[in-house]
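Note sheet for the following structure.
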Amino acid sequence: MIQVFVDESSVEVAPGSTLLDAIQAAGRSVPTLCHDDRLTPAASCRVCLVDADGNGPVAACSTPVRAGLRIGLATSASWRRDGLRAVVAGLPARALDVPGDRSELVRLCEQLGVAPETLPLVSGSRGVDHSHPYVKLDRDLCIACGRCVRACSEIQGTFALTLTGRGPDTVVAPGTGGLWSDSDCVSCGACVDTCPTGALSEPGLLDPRPIEQWTRTTCGYCGVGCTLDVATRDHEIVTVHPASDGSVNRGHACVKGRFAHSFVSSPDRLQSPLVRRGGELVPVSWDEALDVVADHLRAIHRPDAFAVISSARATNEENYLIQKFARVAIGTNNVDNCARLCHAPSAAGLATTFGLGGGTNAFDDLDRCDAVLLAGSNPTDAHPVVGSRILQRVIDGARLVVIDPRRTELARHADVHLRPRPGTNVAVFNGLAHLLIRDGMIDEAFLRNRVAGYDELRDLASDYSPDRVSDISGVSVDELVTAAHLYGDAAAPAIFYGLGVTEHLHGTDGVRTLANLAILRGAVGTATGGGVNPLRGQNNVQGACDMGALPDLLPGYQKVADDTVRQRFEAGWRTSLPSTPGLRIPQMFDAARQGRLEALWVVGEDVLSTDPDTASVRAALDACPLVICNDLFLSATAQAANVVFPVASWLEKDGTFVNFDRRFQRVRRVVEPRDGVRTDLEVFRQVAARLGVDLGCATPAATLDECASLAPLFGGISEQRLDSDSALHWPCGTPDDPGRPTLYLDRFATADGRAHLAARPYLPPGAEPDPSFPYILVTGRRAEHYNSGEMTRRTPNVLLRADEPLDVEPSDAAALGLRDGDPVEVTSRFGRAVLPVRFAAELVPGQVFSGFHFPAAGVNELTSPLGDDVTGCPEYKVTAVRLRALQTTIHGPTR
């Protein structure tokens, strides 16, 4: 530590600290305008000038400390005031009319006594740029501090902004020139959040009326779990700010969490229950709708004729109550959630390998990783905050291996990018294992002491030479070897992966063979490794599984077939429980089509838009006598239902979510639900009451308490504790347990305490291109939209992406005679869709890509019903298709 003096106070600070750090450590402050703690210092505004050892002014934000330095604050106050006057003198008078809660500049002028009437303020105007739906630029308020430019590059990693002009005409501008709306901006809002003057603002903050209340909650979009501070006025959301002390996002957010909140007040929000009569859905009272459902459920012939699809958008407490409703009020284990369609292979694969079905490490462990292996994930689009933090880690020196058929944004920054043919992951992972073993990059002591199955894996991996893996996957031998050594030679490597690993016919094998790499390296269950971490797609897909919304598991991943476990729940719930695992989602639809399902309750999922092979799903809903749907809007699934309940969004209720690294996080009501809207928790309690069953769990807090009493993994977690401790990672067994951000430091949670390597051979995907269907369609996410788009398409995000294109490699498009934007017919063995073409150089010939955020595009009409052979997770990533220009049919070559 280094001792310095602030006026007459002594303080110790770490080497490398600045004078500003020392001043703050002494409990003092100096003003800053160009400084943001998250950004590199710029020292451009000169309002933080202090005296250093009596030798004159220096910028506190950028000057490093040295032993014995004396920092003079009292003697330098006039310098700081003069610096501020110089900044303000170049602005028009209205720059100081911005409300103080929106402008650091205004607050600083008030603090230092710099008043407009004492300044020679300019009168000219440099104009505005309001072309972007969210980011509004007023050039007259720009002081050229550069914070927005640095935020764009250092926090977001987009490098979309620059400073242009000279002298007093210097102003922020898009780096591409032209309008903001035409720039590379990804609408994360980092520039708006850091702007100290209001030069960059957003629509809600253009209204000068004061904000009435700030509420802290957790984002309800993807599974990253960003902490958000939401401002309201007159019961409406004004703005959303990413919390600077957010446990995951650290003051950052994406376009969805930051801006896409106006869906809450959309005019087409459902506000009354609907019941189908005479073929039409008609509004009815809540009592009537609840009675209709209860009467139907009371009349079903056997408990297993009922099934419920729980929700990854709902809170933990709601998911807990939903599975409790199925098991207690009805008597069936027919409960599942959308993890079946995305990360069921993660739960199965990680649990078999390590003992628990969650990621092994906290996201914060990324900070000390020197290499990242990113497989089957495009976090820049699907998890933008994660993508930004990985990019920043790479800029800071970490090595990056990307395994993805597409040249994603992070692949552009990778040290090596492996582009396997879709469906060949297991071969690639086995090939990497072969190289780790062959070239001596394994931790033999770790394998000997903490691992089972090494001999079997070594024998299998010996068959996956680089040449053979190259033949199977298309990955070059040299790149495969380079990737193995980048990961294998790292001191603290981390693995992150997404749906490009799980959504395959052999997705569980993909997870297990990928996990093999971390085990071979001893990079899991240790204080030095970054582990194996699945990136979850929906906000609470982890929590829905944690809470037991699965056909074979009770809350806390306790098996329904385990007599001891089941007896504990029977005692707690005061009823007998079925011991046979229930139906998975695909089996539910099969049962409905076969006439074995009499009632299906779908909570917060538009299965007609997001599930594969839409025609088969539609046939299942048509065949089921009673389909109940809880939703915010009249989705395609709601339109097919018999009863629709209007329910609250994540901004209108209390509870908790669990994010992708197992953090419990508080969700708080920001605005009151509209009249006629209830929470999922209330709906299930009220239907149960009509069936003569008291589910208890009167409040979210009481529900979480009951879950904690029955699930040892969560025994120490409560709302009260989360209100004081912003995030707790499970396992957390007692009220004084700090939780375990990093798992398995002592032992793995398997029966023998060891990690289990998987000797799994490569098996081909369910679909292969042939002369009739020569292209491979891969589906995934776009940055601007979320899932089926029910929320984001009701916000200005639709101005950022208005439709769903089919991405086609330019040479393939040319062979088909297609121009950018032309409509193309896409046909698979399961359906047909027509989409506009988008030229996409990030693809390889023979592969096409599309998102699924616009149901009208019908992308899931094309996808295959085939699923992972262990979990049933659909093979979304490999669908054989043919393309036809609507004027002429030209088939591409078989690949």
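The values are calculated or read from the model by the stated rules, or taken from the named source; none is laboratory data. Just so it is clear, the model here is predicted, and its values are computed rather than measured. Ideal geometry is used to build each Cβ from the backbone, glycine not excepted, and the neighbour counts take in all protein chains shown.
If you check Phe569 against the conditions, is it over 30 Å from Asp694 (Cβ atoms) and at pLDDT 95 or above? Before you say what the answer is, go through the steps one by one.
On the way: over 30 Å from Asp694 (Cβ atoms): no; at pLDDT 95 or above: yes.
So Phe569 fails the test.
So which residues in the stretch 813-860 are aromatic (Phe, Trp, Tyr), out of contact with any helix residue (DSSP H, G or I) (no Cβ under 6 Å at 6 or more places or on another chain) and more than 21 Å from Ser772 (Cα to Cα), if there are any at all? Spell out the reasoning first.
Let us first name the residues in the stretch 813-860 that are aromatic (Phe, Trp, Tyr), namely 830, 839, 849, 852, 854.
Among the residues that remain, those that are also out of contact with any helix residue (DSSP H, G or I) (no Cβ under 6 Å at 6 or more places or on another chain) are: 830, 849, 854.
Within the stretch 813-860, Phe854 is the sole residue that qualifies.
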Practice problem: Output the number of the condition that Phe306 fails; it satisfies all remaining conditions of (1) at pLDDT 95 or above; (2) out of contact with any Pro (no Cβ under 8 Å at 6 or more places or on another chain); (3) within 30 Å of Leu391 (Cβ to Cβ); (4) not basic (Lys, Arg). | Solution: (3)
Quiz item: Out of all the residues in the stretch 334-359, which are more than 17 Å from the chain's Cα centre (by Cα) and hydroxyl-bearing (Ser, Thr, Tyr)?
Solution: Thr352, Thr353
Quiz item: Mind checking which residues of the stretch 1-59 are under 36 Å from the mean Cα position of the chain (by Cα) and assigned to a helix (DSSP H, G or I)?
Solution: Leu20, Asp21, Gln24, Ala25
Quiz item: Of everything in the stretch 171-188 that's touching a Leu at 6+ places or on another chain (Cβ under 9 Å) and closer than 22 Å to Arg102 by Cβ, which residue is surrounded by the fewest Cβ atoms within 10 Å (Cβ to Cβ)?
Solution: Val171
Quiz item: Restricting the search to the stretch 653-685, which residues are closer than 27 Å to Val224 by Cβ and free of Cβ contacts under 8 Å to residues at least 40 places away in the same chain?
Solution: Pro673
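Scan the stretch 216-234 and tell me whether some residue there is acidic (Asp, Glu), assigned to a strand (DSSP E or B) and either under 20 Å from Ala648 (Cα atoms) or in the same structural domain as Ala312 (by TED's automatic domain parsing) (or both).
Of the stretch 216-234, the ones acidic (Asp, Glu) are 229, 234.
Applying the additional criterion that residues be assigned to a strand (DSSP E or B) yields 229.
Right, trim to either under 20 Å from Ala648 (Cα atoms) or in the same structural domain as Ala312 (by TED's automatic domain parsing) (or both) and you get 229.
Yes - at least one qualifying residue is present in the stretch 216-234.
Is it true that some residue in the stretch 381-395 is part of a loop (DSSP other than H, G, I, E, B), outside the structural domain of Ala702 (by TED's automatic domain parsing) and not aliphatic (A, V, I, L, M)? Walk me through it before giving the result.
Initial filter on the stretch 381-395 (part of a loop (DSSP other than H, G, I, E, B)): 383.
After this cut, where a residue has to be outside the structural domain of Ala702 (by TED's automatic domain parsing) as well, the list is 383.
Now drop any that are not not aliphatic (A, V, I, L, M), which leaves 383.
Checked against the condition, which is being part of a loop (DSSP other than H, G, I, E, B), outside the structural domain of Ala702 (by TED's automatic domain parsing) and not aliphatic (A, V, I, L, M), the stretch 381-395 yields at least one hit.
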Self-check item: Residue ID - farthest from the chain's Cα centre (by Cα), chosen from residues in the stretch 284-308 that are closer than 15 Å to Arg327 by Cα and among the small types (Gly, Ala, Ser)
Solution: Ala305
Quiz prompt | Per-region count, the stretch 131-184, residues over 25 Å from Arg412 (Cβ atoms) and either polar (S, T, N, Q) or not assigned by TED's automatic domain parsing to the domain that holds Gly204 (or both) | solution = 3
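Among the candidates Tyr744, Tyr786, single out the residue that is in a loop (DSSP other than H, G, I, E, B), closer than 30 Å to Gly431 by Cβ and in contact with a helix residue (DSSP H, G or I) (Cβ under 8 Å, 6 or more places away or on another chain).
Details: Tyr786 fails: closer than 30 Å to Gly431 by Cβ.
Of the residues listed, the single one that is in a loop (DSSP other than H, G, I, E, B), closer than 30 Å to Gly431 by Cβ and in contact with a helix residue (DSSP H, G or I) (Cβ under 8 Å, 6 or more places away or on another chain) is Tyr744.
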Self-check item: Residues of the stretch 618-630 that turn out to be closer than 24 Å to Glu861 by Cβ and either surrounded by fewer than 21 Cβ atoms within 10 Å (Cβ to Cβ) or modelled with pLDDT under 95 (or both), as a count
Solution: 4
Self-check item: helices (runs of 4 or more DSSP H) enclosed by the stretch 441-534 - at least 1 residues per element that are over 23 Å from Ala414 (Cα atoms), in contact with a helix residue (DSSP H, G or I) (Cβ under 8 Å, 6 or more places away or on another chain) and hydroxyl-bearing (Ser, Thr, Tyr)
Solution: 454-461, 507-521
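For the stretch 532-552, state whether one or more residues are at positive phi and under 24 Å from the mean Cα position of the chain (by Cα). Show your work before the answer.
Of all residues in the stretch 532-552, those at positive phi come to 548.
Going one step further and asking which of them are under 24 Å from the mean Cα position of the chain (by Cα), we end up with 548.
Yes, the stretch 532-552 contains a residue that is at positive phi and under 24 Å from the mean Cα position of the chain (by Cα).
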Practice problem: Run Leu651 past the list (1) touching a His at 6+ places or on another chain (Cβ under 7 Å); (2) among the hydrophobic types (A, V, I, L, M, F, W, C); (3) more than 30 Å from Ala856 (Cβ to Cβ) and report the number of the one that doesn't hold. | Solution: (3)
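Quick one: which residue in Leu745, Leu777, Leu757, Leu763 is touching a residue at least 60 places away in the same chain (Cβ under 8 Å), within 30 Å of Gly529 (Cβ to Cβ) and surrounded by 21 or more Cβ atoms within 10 Å (Cβ to Cβ)?
Details: Leu745 fails: surrounded by 21 or more Cβ atoms within 10 Å (Cβ to Cβ); Leu777 fails: within 30 Å of Gly529 (Cβ to Cβ); Leu763 fails: surrounded by 21 or more Cβ atoms within 10 Å (Cβ to Cβ).
Matching residue, one of Leu745, Leu777, Leu757, Leu763: Leu757.
State all residues of the stretch 694-705 that are buried (at least 20 other Cβ atoms within 10 Å of the Cβ) and under 22 Å from Trp650 (Cα atoms); if no residue qualifies, say none. First the steps, then the outcome.
Step one: filter the stretch 694-705 for residues buried (at least 20 other Cβ atoms within 10 Å of the Cβ), giving 695, 697, 700, 703-704.
Once the filter is applied, which keeps residues that are buried (at least 20 other Cβ atoms within 10 Å of the Cβ) and under 22 Å from Trp650 (Cα atoms), the stretch 694-705 yields Cys697, Pro700, Thr703, Leu704.
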Quiz item: Among the residues of the stretch 587-603, which ones are crowded, with 24+ Cβ neighbours inside 10 Å and either in contact with a Lys or Arg (Cβ under 9 Å, 6 or more places away or on another chain) or hydroxyl-bearing (Ser, Thr, Tyr) (or both)?
Solution: Val603
